[in-house]
């Protein structure tokens, strides 16, 4: 099926795909293992992938009521809920990657039921779009900083909040004043430690 040109058509054609970050390689191994489980259940189609992805996004019992919310919190706690969210995110990423691959392979199922050629439209009217756009990744922070200054963006440059807070903490510990433009406050934090087995 002929594809309609998108906003970035011609711009993204020669761009390499965004690489998996080194710190995310371990997670990608888990994502790939889940993709193998999906394939083991049968040959996935764009439609079956789209339906499974939609189910992961929406669930079957959403919105959950207060009683069930309380039950989940009691059963899982914050750590368990965080782990559950990570597992759900891993599964969604697996489906996203498989849908993107099906699109790249020009698998049948895109553009049906009046949908755009980059869309899998399901029988219930829901749809999953595959969109590509350019994205940047800073490789040389100093060169990028100098480019920003040369292009009038010096007022947009600022440190990450975690870096600014690290500087503030170091200066406080060493008896130095806070950097100009920063006001220092006391933050009360609660730290939980698990009982040792």
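From (1) modelled with pLDDT of 90 or more; (2) closer than 16 Å to residue 89 by Cβ; (3) assigned to a loop (DSSP other than H, G, I, E, B), pick out the condition that doesn't hold for residue 38. All conditions pass for residue 38, except number (3). Out of 145, 171, one residue alone is modelled with pLDDT of 90 or more, farther than 30 Å from residue 54 by Cβ, over 29 Å from the mean Cα position of the chain (by Cα) and part of a helix (DSSP H, G or I). It is 171.
Of the residues making up segment 91-110, at least one is assigned to a loop (DSSP other than H, G, I, E, B), at pLDDT 90 or above and loosely packed, with under 13 Cβ neighbours inside 10 Å.
In the set (1) under 21 Å from the mean Cα position of the chain (by Cα); (2) in contact (Cβ under 8 Å) with a residue 60 or more places away in the chain; (3) loosely packed, with under 15 Cβ neighbours inside 10 Å, residue 118 fails one condition alone, (3). Each residue in segment 137-186 was checked for being closer than 30 Å to residue 19 by Cβ and in contact with a helix residue (DSSP H, G or I) (Cβ under 6 Å, 6 or more places away or on another chain), and 2 of them qualify.
If you check 17, 44, 63 for being in contact with a helix residue (DSSP H, G or I) (Cβ under 7 Å, 6 or more places away or on another chain) and either at pLDDT below 95 or exposed (fewer than 14 other Cβ atoms within 10 Å of the Cβ) (or both), only one passes: 44.
The values are calculated or read from the model by the stated rules, or taken from the named source; none is laboratory data. Values in this document were obtained by computation on a predicted structure and should not be read as measured data. We place every Cβ from the backbone using ideal geometry, glycine too, and count neighbours over all the protein chains shown.
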